[in-house]
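See below for the structure under consideration.
The values are calculated or read from the model by the stated rules, or taken from the named source; none is laboratory data. Because the structure is a prediction, the values reported are computed rather than measured. Reconstructed Cβ throughout: ideal geometry from the backbone, glycine too, with neighbour counts over all protein chains shown. SASA here: full protein model, heavy atoms, side chains in, ligands and nucleic acids out. Shrake-Rupley method; radii C 1.70, N 1.55, O 1.52, S 1.80 Å.
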2 protein chains.
Amino acid sequence: MAAPVTISPATRDDVSLLFELVMALAEYENLAHEVIGAPEDLEKHLFGDNPTAHAIVARIDGAPAGFALYFFNFSTFLMKPGIYLEDLFVLPGYRRRGIGTAIFQYLAQVALAKGCGRFEWSVLDWNQPAIDFYRSKGAVMLADWSTCRVTGQALEDLAINE
Amino acid sequence: MAAPVTISPATRDDVSLLFELVMALAEYENLAHEVIGAPEDLEKHLFGDNPTAHAIVARIDGAPAGFALYFFNFSTFLMKPGIYLEDLFVLPGYRRRGIGTAIFQYLAQVALAKGCGRFEWSVLDWNQPAIDFYRSKGAVMLADWSTCRVTGQALEDLAINE
C-alpha cells in the first residue's frame, strides 16, 4: 500500500527546506539563474510580521516530496479575498502519487476556511494537457488577459517621471 | 491652471466612498450585477486585522475623482513581494487630467518603498491602445499565460473530492 501524503503549513523551521525546493523547481525549469533571493528573504516574507505569502510542504513517510507557495489576492466585485497559487512543485522522484491533487484539495479547503470567493493559478497557453486537467477540476480559463509587468529601472523611472 | 491631483491611502472613513466608486466602476463596465459584496466586506478586508488589499483615493480640489485597489503578490524566484493593481477607475467627469498617470506613479513609489521586485496589472489582449500606453510606461507583456479560476460549487467539490 502506498504511503500517505501529508500536507502541512510550512513553519520557520522549514526555511532551508523551502529554499532547496525553490532551487529544485528553478533547476527543473532551467531557470536557476533567475533565483536571486536568499533564505532570509523567504523567512522575512513568509514568517515575519504581516507575511506576504504562505507555503505548504508535502511529505511522504516524513520525507519532503514537494511544496506550494500561495498568497491572498482580492476581488473588487466580490469584495472578498481569493487564493492565488503562485508555484507548485513535486520532486521528480515523488510524482504520480497524487501529491499535486492533494495540494489542490488542501488549498481549496484553505480557501473555504478563509471565506475566499475563488482559487486561482496560471497555466501556459500551450500546455493543453495541464489545461484539460485543470478543467476536469472545475477550473475556467481566463484566456483573454495579459499581465503587464514593470520591474528594475523601468519601475524606478515610473516612480519619478510623469 | 488645472487643480492638482492628490492621491492618498484610503482610510476607514472612506468605506462608503470606496463602495460608491466600485459601483461606479461596475456600472461603467455594465457589470453592476456582479457586485455581490457590501461595504462591510470592504471594511473588513481593507481595514480590519491583516488587511488583504489596500485602496487609494484620487481627489481634485478635495472631490473624489477616482480610486485604485491593489494587493501584494509574491515572486518565488525573487523571494520578494510585488504590487498587483487589481482595479483603477477614474470617474468620467475627471478624465484626461493625469489621474491615471498619478496613480501609477504613486503605486510605483509604494512598490519601491516596500522593497517590491515588481509592479503588475492585467490588460485585455485586444485593448491595443492600453497595451501601447503601458509599454510606453516600461511594462512588458506576459501574454502566454492564462488564469485558471475555481469558484462556487466547483471550489467546494475540489475541497472534498480527489
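A few comments on the model shown:
- A simple spin-label model places pseudo-atoms 7 Å from Cα toward Cβ; at B:Ala3 and B:Leu142 they are separated by 3.9 nm.
- Using C-alpha pairs under 8 Å with a sequence gap of at least 6, the mean separation divided by the residue count of chain B gives a relative contact order of 17 percent.
- Using the alpha-carbon positions of the protein assembly as shown, Rg (one decimal) and Dmax (whole number) come out as 20.2, 78 Å.
- For B:Leu112, the label point sits 7 Å beyond Cα toward Cβ; its separations from the matching points on the remaining copies run 4.6 nm, from shortest to longest.
- Restricted to Cα atoms, region B:1-71 shows a radius of gyration and a Dmax of 12.8, 42 angstrom.
- In this structure region B:5-159 gives 46 Å² per residue of accessible area when probed at 1.4 Å with all protein chains present.
- Over region B:78-155, equivalent-ellipsoid semi-axes from the Cα gyration tensor in Å: 23, 19, 15
- Cross-link partners of B:Lys114 among lysines (Cα-Cα below 29 Å; sequence separation of 8 or more within a chain): A:Lys44, A:Lys80, A:Lys114, B:Lys44, B:Lys80, B:Lys137
- Across the identical copies, the label point of B:Asn50 (7 Å from Cα in the Cβ direction) is separated from its matches by 1.4 nm, in order from shortest.
- Neighbourhood net charge (15 Å Cβ-Cβ; Lys/Arg +1, Asp/Glu -1) for A:Ile83: 0
- Chains A and B together, accessible area buried on both sides, 1.4 angstrom probe, square angstrom: 6700 Å²
- Once each of the trypsin sites (Lys or Arg not before Pro) sitting in a DSSP loop with at most 13 other beta-carbon atoms within 10 Å is removed, chain B keeps B:1-94 as its longest stretch.
- Sorted from closest to farthest, the other copies place their B:Thr6 label points 5.6 nm away, with each point set 7 Å from Cα along Cα→Cβ.
- Per-residue shielding of A:112-118, expressed as the average number of other chain Cβ atoms within 10 Å of the residue Cβ, stands at 4.
- A Förster radius of 30 Å, combined with the Cβ-Cβ distance separating B:Leu112 from A:His33, puts the computed FRET efficiency at roughly 0.80.
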